[in-house]
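The values are calculated or read from the model by the stated rules, or taken from the named source; none is laboratory data. No experiment lies behind these values; they were computed from the predicted model shown. Ideal geometry is used to build each Cβ from the backbone, glycine not excepted, and the neighbour counts take in all protein chains shown. Remember, those area values only see protein heavy atoms, side chains included, never the ligands or the DNA or RNA. Shrake-Rupley method; radii C 1.70, N 1.55, O 1.52, S 1.80 Å.
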Amino acid sequence: MKRIKINGINTYSFKSREELIEYAFSEKKSLIAINAEKLLHANEQMKNIINNNIGYSDGIGAVWALRKKGIKQTLKIPGCELWLDIIRHSYLKKTFYLVGSKKHVIEQTVIKLQSSFPGIKILNYRDGYINTEEEKTALLNDIKDRKPDVVFVALGSPKQELMIEEMLSIHPAVYQGLGGSFDVYVGTVQRAPEWWVKNNLEWAYRLVKQPSRIKRQIHLVRFAWLLLINKI
Ligand code: UDP
């Protein structure tokens with residue numbers, strides 16, 4: 001495992017997903033997906049959060065940067081696959097808690113996990129629309145009482161990272177922010193077909209499918225340019 005700073009942000013490069021998972025369980029911190037958007041635009045608060053946790057190369061932009069800075073074997077580890085790798089690796093030994101996405105999505109996620117991983121211990125779950133302080137306090141107290149080993153939080157960024165900070169302060173565990181991964185898991189949002197994923201063109205596929213993402217994807221183009229002219 002290696003770690004370097006890119007634009008002030010600690011980014012880890014792991015030899016394998018296994019190594020990342022073992023490290024996460026030994027540290028009990030938050031796994032944070034690093035991509036071009038975060039590397040370019042994380043504010044001080046987000047930088048601090050990432051630097052106190054485990055930022056891994058989820059996006060191709062982060063992989064390019066790590067390779068350019070000499071870590072040639074850097075793996076791209078998509079967050080939407082990583083959470084399932086964590087479950088596969090540890091569902092017979094560890095306990096889980098799930099927060100995020102719409103009510104029917106989280107319900108279907110739990111049902112699908114229980115049938116794919118018989119015996120999985122999901123201590124509790126809830127949707128990601130936490131609208132009042134009371135709801136938030138109830139969630140934090142529940143996590144403190146149940147003490148899960150792994151908590152997945154799918155609220156999108158930066159909401160999920162901020163929520164995980166609060167959770168970590170009351171209960172140390174492995175946390176991962178998942179963005180839209182529950183939606184992908186139950187099929188309400190489609191991931192790119194395998195060919196696009198294999199060729200590191202997932203970002204292009206998402207752009208074709210959801211042209212409104214151009215505002216977010218443009219970061220990758222700008223990031224690649226800055227990397228090329230050695231500004232990062
Ligand atoms: N979401 C949520 N609570 C909120 C806002 C969003 O649970 O207050 C969920 C939303 O239903 C979706 C996910 O967060 O499942 C956001 O996914 P998106 O793809 O925007 O995340 P990204 O990975 O792009 O940050």
First compute the accessible area of the chain with a 1.4 Å probe, then give the percent of it belonging to carbon and sulfur atoms. 53
Output the Cα-based Rg and Dmax of the chain in Å, rounding Rg to one decimal and Dmax to a whole number. 17.3, 52
Per-residue [θ]222 nm for the chain (sum of -39500 (n - 2.57) over DSSP H runs n ≥ 4, rounded to 500): -15000 deg cm²/dmol
Taking one equal scatterer on every alpha-carbon of segment 5-120, how large is log10 of I(q)/I(0) by Debye at q = 0.16 1/Å? -0.82
Any of Lys47/Lys144; Lys28/Lys147; Lys76/Lys215; Lys15/Lys76; Lys94/Lys147; Lys198/Lys231 with alpha carbons more than 18 Å apart? Name them for me. Lys47/Lys144; Lys76/Lys215; Lys198/Lys231
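How much accessible area per residue does the chain have, in Å², with a 1.4 Å probe?
On the way: 11790 Å² over 232 residues.
Each residue of the chain exposes 51 Å² on average to a 1.4 Å probe.
Given Cβ point charges of +1 (Lys, Arg) and -1 (Asp, Glu) and nothing else, what value in debye, to the nearest 20, does the dipole of the chain about its Cα centre take? It would help to have the intermediate numbers written out before the result.
Details: 36 positive and 23 negative charges, 194 e Å.
Using Cβ point charges on Lys, Arg, Asp and Glu, the chain gives about 940 debye.
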Compactness of segment 42-108 - radius of gyration and Dmax, Cα, Å: 15.6, 44
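For segment 1-73, which trypsin sites (Lys or Arg not before Pro) are both in a DSSP coil and crowded by at most 15 other Cβ atoms within 10 Å?
Numbers: sites: Lys2, Arg3, Lys5, Lys15, Arg17, Lys28, Lys29, Lys38, Lys47, Arg67, Lys68, Lys69, Lys72; in loops: Lys15, Lys28, Lys29, Lys69, Lys72.
Taking segment 1-73 and a limit of 15 other Cβ atoms within 10 Å, the loop trypsin sites (Lys or Arg not before Pro) found are Lys15, Lys28, Lys72.
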Glu44/Lys159 FRET efficiency (R0 22 Å; Cβ-Cβ; nearest 0.05): 0.80
So, with points 7 Å from each Cα along the Cβ direction, the Lys136-Ser26 label distance in nm works out to 3.5
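Can you say what percent of the DSSP beta bridges in the chain, counting only those with both residues inside, are antiparallel? Round to 5. Spell out each step's value before the answer.
Numbers: 5 of 26 bridges.
In the chain, DSSP labels about 20 percent of beta bridges as antiparallel.
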What percent does the relative contact order of the chain come to when contacts are Cα pairs within less than 8 Å and at least six residues apart? 21
Starting from the Cα of His104, step 7 Å toward the Cβ, then list every residue of segment 153-176 with an amide N under 20 Å from that point. 154-155
